[in-house]
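Have a look at the structure below before the remarks.
The values are calculated or read from the model by the stated rules, or taken from the named source; none is laboratory data. It should be emphasised that the depicted structure is a prediction, and the values quoted were computed from it without experimental measurement. Using ideal geometry, Cβ is built from the backbone for each residue, glycine included, and neighbour counts are taken over all protein chains shown.
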2 protein chains.
Amino acid sequence: MSVRAGLVITGTEVLSGRVQDRNGPWLADRLAELGIELAHVTITGDRPADLGAALQFMRNEGARLVITSGGLGPTADDLTAQVVADFAGRPLQLDEALEQRIGEIIARFARRWRLDPEALQIANRKQAMVPEGAVALDPVGTAPGLVVPANGQVVVVLPGPPRELQGSWAQAVETDPFRAVLEDATDYRQTTVRMFGIPESELAQTLRDAEDDFGLGGLEITTCLRRGELEIVIRAEPESEPLAQQLVERLREVHGPSIFSTDGSTIDERIAKLLGEQKLAVGESCTGGLLAGRLTDRPGASAYFAGGVVSYSNEAKEELLGVPHELLEEHGAVSAEVAEAMAKGAAERFGADYGLAVTGIAGPDGGTPDKPVGRVCFAAAGGGDETTVRCIDIPGARQDVRDRSVTVALHLLRLKLEGGEVPG
Amino acid sequence: MSVRAGLVITGTEVLSGRVQDRNGPWLADRLAELGIELAHVTITGDRPADLGAALQFMRNEGARLVITSGGLGPTADDLTAQVVADFAGRPLQLDEALEQRIGEIIARFARRWRLDPEALQIANRKQAMVPEGAVALDPVGTAPGLVVPANGQVVVVLPGPPRELQGSWAQAVETDPFRAVLEDATDYRQTTVRMFGIPESELAQTLRDAEDDFGLGGLEITTCLRRGELEIVIRAEPESEPLAQQLVERLREVHGPSIFSTDGSTIDERIAKLLGEQKLAVGESCTGGLLAGRLTDRPGASAYFAGGVVSYSNEAKEELLGVPHELLEEHGAVSAEVAEAMAKGAAERFGADYGLAVTGIAGPDGGTPDKPVGRVCFAAAGGGDETTVRCIDIPGARQDVRDRSVTVALHLLRLKLEGGEVPG
């Protein structure tokens, strides 16, 4: 019997889509690591009745563990502690030691930012109210998280800012009520297979064949296509683990060359590993800095990332990447020839071992019958081999073309670094 | 009496956080435009019972309109049509005209991608099953959306890929069942005020004062702090509109210099407008391309964006941005002096009117007692004035520092372009 959990993300700004929620995905990962099954996520505005209904929904759905994020701040629309207290039937009480602790933290901010002391004291006291019998966590920011037993369920109340939520979570899992829930969690094994360059329907056929040949009962399989990568997640309880391995073997047999990861690593991690201490420089046009931005997302990126040029104009391609004027005249900025010159130019200008370039038409304007919106050319130069160059047509809107181009560029580089054959 | 709606986002890949949902925010905007109140969003995996429970939750919560996204694909875990049919009590029936239409669409793909025809036919028929009495929309991709009357509610079933969802939505709002819901929707006016550079607690105090002075009943006010920007959304029914305007006036009086938008425009839109046809070039270190990436996010960015250099190493700062070696030696890469040289160098190398630079320590490593992680220096050069330079300490993890730095850089440039005073 597995333990189910529900996440309740609060805040009108998240509900309305003005702010992207980063806490749900992070908490989902933590739950998966603990072997807890995530049943539902709800996003709910700052209305007490709606938050109460979301908690009740999670109870009806059999969630032993409910985690809320947000609504612990100083403003009047921050209502989570009160609603959870009502839900658990545990009235709010002032925790004086906690009030003092928050006071000390806020005093530091107040000095730094010269804030109004009266506004602060109201905020301060509001954040020190704790449901009777609940565990108050040590504040990471100013708002303390709470672990609230609620008639057989446990509600973990976390602050909304990601850094505070993550620090509070680390404390919450160590509390007695949380540990009691963990004792019942299932031991799951999860395998993630990632592929690049095949359509989802071919994978679906492979899974149907595997089902016919040796059955897939006992496995939970989800597939997902994003930015041209196809991800298959296989979850198995311990007794179904050999079957999961058999399926991975089958995927290798049928789709071997398309598989780039079976150990959970991402393309970003593969690139970092393959480069090691070799340096990479990039030249980008339509991706406008997103390729460099993605490569520098990882801590320690300076070990392998030398730098990049965003050359939006032809002049910049000539001036900063040394693309010959005639090449631009003859083939146009979006061409295999110019991509190759950009890749070589980037490597040269930055003194890097490898150069990676993207030039294309992200749209919505700028397309021609000959070179439609979505046409993107890629080149990976260096390593003593010939430069690898590809032009493809990427479907979708401007954002899709830009995002997808970054991923395609990374895979082109990976294939070059792995020394395998690059599909046409 | 306002109309409430609920969104049900399906897909284990979204629930698990491996894929970021872009449909919820987009649909939330569309509902707000139509004056429909979004009550809840739920994210649910590919389990029929969980999807059914989410639909039931929305019914209990009084949602006249329920919108689902995802789960219409060809694979076996795509179950939305079946679950919605059961929920509405309308059995699935094969729509032969639709099957033929999908067949035609798929045949085009199949030729292009050389797909297996047998796998396609199964997928094809599955996607042509329509609940009895429901309206099937014309497929934008291969999966047709559905508008399903369900005992007084209307369930709009949309495909998951954003482009397909958006195209299907445009059709869905024109159907008879959807129009019937719209007739009851409230006419809301919404005003968005955006500020930069003040703490949330000061705004909270201003709102409390306004409440005391003239009352804010009848207004729905939400505030949200992100990346250093503070956003206040005020929603009012027509009779409360003058009160909303009174509040906006009060905000102007108290926080005038911090307000950068009252017409819904974002900092990105302000920058685009202020630049017009003047050109901007950027030099970035710790943001690693994200600043250029954000500036090129908008269609038509080439009108004002000349290009950028991502100079991760000191050599690159010297070589590509012309930062003097002595300056790096004397002040270090993260310094006001180097930021200024980078901004001027970027403008010069790209022949741009303005140069904007960011250099800092994003962490987690690289900090010193003197220059801690989060220290970031910014410079905005050009326009004939002195270069504006600021160094600040940004709290949070690597991603926070990088994201926030992009926003701070844009505001520094805005203040320069507006010609107002730049706060210390």
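For (1) closer than 21 Å to B:ALA346 by Cα; (2) buried (at least 24 other Cβ atoms within 10 Å of the Cβ); (3) away from every other protein chain (no Cβ under 14 Å); (4) modelled with pLDDT of 95 or more, each residue gets a yes or a no:
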site	(1), (2), (3), (4)
A:LEU290	yes, yes, no, yes
A:GLY300	no, no, no, no
A:HIS325	no, no, yes, yes
A:ALA343	yes, yes, yes, yes
A:GLU348	yes, no, no, yes
A:GLY367	no, no, no, no
A:GLY384	no, no, yes, no
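Yes/no per residue for (1) of a type in the set (S, T, N, Q); (2) in contact with an Asp or Glu (Cβ under 7 Å, 6 or more places away or on another chain):
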residue: B:ILE259; (1), (2): no, no
residue: B:SER265; (1), (2): yes, no
residue: B:ARG270; (1), (2): no, no
residue: B:GLN278; (1), (2): yes, yes
residue: B:GLY307; (1), (2): no, no
residue: B:GLU340; (1), (2): no, no
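Going through B:ILE221, B:ILE271, B:ILE198, B:ILE234 one at a time, which residue ends up being part of a loop (DSSP other than H, G, I, E, B) and either surrounded by 17 or more Cβ atoms within 10 Å (Cβ to Cβ) or out of contact with any His (no Cβ under 8 Å at 6 or more places or on another chain) (or both)? Going through B:ILE221, B:ILE271, B:ILE198, B:ILE234 in turn, just one is part of a loop (DSSP other than H, G, I, E, B) and either surrounded by 17 or more Cβ atoms within 10 Å (Cβ to Cβ) or out of contact with any His (no Cβ under 8 Å at 6 or more places or on another chain) (or both): B:ILE198.
All conditions but one from (1) at pLDDT 95 or above; (2) part of a helix (DSSP H, G or I) apply to A:VAL334; the one that does not is (2). With respect to (1) more than 10 Å from chain B (Cβ to nearest Cβ); (2) in contact (Cβ under 8 Å) with a residue 40 or more places away in the chain, the lone exception for A:VAL282 is condition (1). The strands (runs of 3 or more DSSP E) found wholly in segment B:18-95 and carrying at least 2 residues that are more than 10 Å from chain A (Cβ to nearest Cβ) occupy B:65-69, B:92-94. Of all residues in segment A:1-23, those that are over 24 Å from A:GLN82 (Cβ atoms) have Cβ atoms under 6 Å from Cβ atoms of residues that are in a loop (DSSP other than H, G, I, E, B) and at pLDDT 80 or above, 6 or more apart or on another chain, in A:VAL3/A:ILE36; A:VAL3/A:ARG64; A:ARG4/A:GLY62; A:ARG4/A:ALA63. Is it the case that segment A:333-354 has a residue that's in contact with a helix residue (DSSP H, G or I) (Cβ under 7 Å, 6 or more places away or on another chain), under 18 Å from A:THR407 (Cβ atoms) and in contact (Cβ under 8 Å) with a residue 60 or more places away in the chain? Scanning segment A:333-354 turns up at least one residue that is in contact with a helix residue (DSSP H, G or I) (Cβ under 7 Å, 6 or more places away or on another chain), under 18 Å from A:THR407 (Cβ atoms) and in contact (Cβ under 8 Å) with a residue 60 or more places away in the chain. Residue-level check: of (1) surrounded by 15 or more Cβ atoms within 10 Å (Cβ to Cβ); (2) touching a Pro at 6+ places or on another chain (Cβ under 9 Å); (3) farther than 30 Å from A:ILE234 by Cβ; (4) not basic (Lys, Arg), A:GLN171 misses just (2).
When segment A:302-323 is filtered for residues that are in a helix (DSSP H, G or I) and either among the hydrophobic types (A, V, I, L, M, F, W, C) or surrounded by fewer than 24 Cβ atoms within 10 Å (Cβ to Cβ) (or both), the ones remaining, listed by number, are A:SER302, A:ALA303, A:ASN314, A:GLU315, A:ALA316, A:GLU318, A:GLU319, A:LEU320, A:LEU321. Would a scan of segment A:180-187 turn up a residue that is among the charged types (D, E, K, R), at pLDDT below 95 and under 30 Å from A:ASP78 (Cβ atoms)? The answer is no; no qualifying residue exists.
Checking the stated criteria, B:TYR354 turns out to be over 30 Å from A:PRO299 (Cβ atoms) and away from every other protein chain (no Cβ under 14 Å).
So that you can scan it fast, the table gives a plain yes or no per residue for (1) of a type in the set (Ser, Thr, Tyr); (2) in contact (Cβ under 8 Å) with a residue 60 or more places away in the chain:
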{"site": "B:GLY360", "(1), (2)": "no, yes"}
{"site": "B:PRO369", "(1), (2)": "no, no"}
{"site": "B:VAL376", "(1), (2)": "no, yes"}
{"site": "B:ASP385", "(1), (2)": "no, no"}
{"site": "B:VAL401", "(1), (2)": "no, yes"}
{"site": "B:SER405", "(1), (2)": "yes, yes"}
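Checking each residue in segment A:287-339 for being among the acidic types (Asp, Glu) and farther than 20 Å from A:LEU413 by Cβ picks out A:GLU315, A:GLU318, A:GLU319, A:GLU326, A:GLU329, A:GLU330.
Just the residues that are aliphatic (A, V, I, L, M) and in a helix (DSSP H, G or I), please, taken from segment B:119-175.
Residues of segment B:119-175 that are aliphatic (A, V, I, L, M), as a first pass: B:119-120, B:122-123, B:128-130, B:134-137, B:140, B:143, B:146-148, B:150, B:154-158, B:165, B:170, B:172-173.
Hits for segment B:119-175 are B:ALA119, B:LEU120, B:ILE122, B:ALA123, B:LEU165, B:ALA170, B:ALA172.
On the stretch given as segment B:13-35, residues that are crowded, with 24+ Cβ neighbours inside 10 Å and over 13 Å from the mean Cα position of the chain (by Cα) total 3. Of all residues in segment B:294-306, none are among the aromatic types (Phe, Trp, Tyr) and not assigned by TED's automatic domain parsing to the domain that holds B:VAL373.
Scanning segment A:302-314 for residues that are more than 7 Å from chain B (Cβ to nearest Cβ) and not aliphatic (A, V, I, L, M) turns up A:TYR304, A:ASN314.
Looking only at residues in segment A:5-17 that are in contact with a strand residue (DSSP E or B) (Cβ under 8 Å, 6 or more places away or on another chain) and not β-branched (Val, Ile, Thr), which one is farthest from the other protein chains (Cβ to nearest Cβ)? Here the answer is A:ALA5. Candidates are the residues of segment B:216-256 that are over 26 Å from the mean Cα position of the chain (by Cα) and within 14 Å of chain A (Cβ to nearest Cβ); the one that is farthest from B:GLN399 (Cα to Cα) is B:GLY217. Restricting attention to segment A:188-229 and to residues that are closer than 28 Å to A:ILE36 by Cα and hydroxyl-bearing (Ser, Thr, Tyr), the residue that is modelled with the lowest pLDDT turns out to be A:TYR188. Just one of the listed residues (B:VAL401, B:VAL408, B:VAL389) is within 14 Å of chain A (Cβ to nearest Cβ), buried (at least 16 other Cβ atoms within 10 Å of the Cβ) and of a type in the set (A, V, I, L, M), namely B:VAL401.
When B:ARG252 is tested against (1) modelled with pLDDT under 85; (2) more than 30 Å from B:GLY374 (Cα to Cα); (3) basic (Lys, Arg), exactly one condition is not met: (1).
Residue under question is A:GLU239, and the condition is that it be in a helix (DSSP H, G or I) and surrounded by fewer than 20 Cβ atoms within 10 Å (Cβ to Cβ); does it hold? So A:GLU239 fits the description; yes.
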